[in-house]
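Peer 1: One structure is given below, represented as structure tokens, and several questions about it will come after.
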Amino acid sequence: MLHEEISGAVVNAAMKVHSVLGPGLLESAYEACLAYELRKLGLDVETQVPLPVVYEGVRIDAGYRIDLKVAGVILVEIKAVSAIAPIHKAQLLSYLKLSGLKVGLLLNFNVVHLRDGLTRMIM
């Protein structure tokens, strides 16, 4: 599958999860349900993937985690906040740089319509 197809599958699965659960739950609930939906589609999904910081050539585990890594190529960061702030977008950009992945999705499930909580970034 191509990046576009995989990210499309993620968005569609996220919309299904949001339609069923609605806003107001913890990020962990959306993460678990989205991972379940994506696995049902036959996609490889890793959750809470450690993301080290490389500083002066040394890998340092600073406690960062990628919420979902889909098919080894799409980074998904899940939020359940009243509004996406610039720092959330900066976090996604930093995670893309640290991971070496090219496509990232920021999904905020605490919205009435998920389309209003969706940000896609390409490196």
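Peer 1: Of the listed values [x] -0.81, -1.19, -1.26, -1.41; [y] -0.63, -1.01, -1.12, -1.44; [z] -0.61, -1.02, -1.15, -1.57, identify the label whose number matches log10 I(q)/I(0) by the Debye sum over Cα atoms at q = 0.15, 0.19, 0.20, 0.23 Å⁻¹ calculated from this model.
Peer 2: [y]
Peer 1: Dipole of the stretch 3-123 (Lys/Arg Cβ +1, Asp/Glu Cβ -1, origin at the Cα centre): which of M121, I66, L34 lies farthest to the positive side?
Peer 2: Checking the options against the dipole of the stretch 3-123, the answer is M121.
Peer 1: Another question, if that's okay. Pick from P86, P23, P52 the residue whose mean-square fluctuation is largest in a GNM of the chain, springs joining Cα atoms under 10 Å.
Peer 2: Maximum fluctuation in the GNM of the chain, among the listed residues, is at P86.
Peer 1: At a Förster distance of 22 Å, what's the computed FRET efficiency of K97 paired with L2, Cβ-Cβ distance as r, to 0.05? Don't skip to the end; give the middle numbers.
Peer 2: Values: r = 22 Å, r/R0 = 1.00.
For R0 = 22 Å, the calculated efficiency reads 0.50.
Peer 1: Over the stretch 3-122, what is the mean sequence separation of C-alpha contacts under 8 Å (at least six apart), divided by residue count, expressed as relative contact order in percent? Before the final figure, lay out each step's value.
Peer 2: On the way: 199 pairs, mean separation 29.1, N = 120.
Dividing the mean separation by the residue count of the stretch 3-122 yields 24 percent.
No lab work stands behind these numbers, since they all come straight from the coordinates. The structure displayed is predicted, hence computed values, not measured ones. Virtual Cβ from ideal backbone geometry, glycine too; neighbours counted across all protein chains shown.
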